[in-house]
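Report on the following structure.
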Amino acid sequence: MNPDTYDAGSPGPSGARGKSKKRRFRLGRDRAELITDARLSPSQDRRRRERAYAWIQGSRIPFLLLSAVTFLWWENWWISAVLFTISVPLPWIAVVIANGHGEPHDKRSQQVYKPAVAREYNQQLELEAAQRAAELAAGPVTKEISAAKNDDDDIIIIDQLPPDTDSTSTS
């Protein structure tokens with residue numbers, strides 16, 4: 001057993017037995033240490049920014065209504081002007097927060113750029129574009145349909161012919 005810990009049910013440093021509940025106490029530590037500096041995932045960060053945007057935009061309407069109420073019913077134009085002035089920049093603030101880039105980047109984290117992955121991806125895109133261009137240059141594929149009769153079932157055979165050949169053939 002670690003000398004810094006003891007169970008509540010076992011004799012502690014003073015030798016007295018506690019209640020039957022088992023609890024572990026750490027002597028010399030006042031708070032738990034932080035295990036990780038995990039950041040929010042991009043989807044969590046986006047959701048957080050969307051909520052902030054909705055709350056700020058939603059708070060603009062009550063400010064405008066309170067401004068109208070103070071002016072029309074209480075005839076207090078000073079409070080009405082203050083409430084209206086507060087409501088004016090709220091949409092701009094909401095958009096700035098919503099368009100934010102989330103949490104700041106930790107300069108200590110390693111920044112990795114993998115040029116080989118980007119190069120392979122670009123080569124794959126070029127290959128697919130070349131294949132599509134070759135298919136378009138070849139023209140449409142003509143099909144010849146011929147039917148052969150079998151005793152049990154009807155079978156339809158589809159033959160693909162190259163574009164330069166004549167598609168009129170006898171069955």
Has region 101-109 got any residue that is modelled with pLDDT of 90 or more and surrounded by fewer than 14 Cβ atoms within 10 Å (Cβ to Cβ)? no
Pick from region 86-100, criterion at pLDDT 90 or above and either small (Gly, Ala, Ser) or more than 21 Å from residue 53 (Cβ to Cβ) (or both), ranking: surrounded by the fewest Cβ atoms within 10 Å (Cβ to Cβ): 98
Restricting attention to region 70-91, report how many residues are outside any helix (DSSP H, G or I) and of a type outside the set (Asp, Glu). 5
Can you run down the residue pairs with Cβ atoms below 7 Å, 6 or more apart or on separate chains, where the first is in region 98-115 and in a loop (DSSP other than H, G, I, E, B) and the partner is surrounded by 10 or more Cβ atoms within 10 Å (Cβ to Cβ) and among the acidic types (Asp, Glu)? 102/45; 103/45
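The values are calculated or read from the model by the stated rules, or taken from the named source; none is laboratory data. The structure displayed is predicted, hence computed values, not measured ones. All Cβ positions, even for glycine, are placed from backbone atoms using ideal geometry, and neighbour counts span all protein chains on display.
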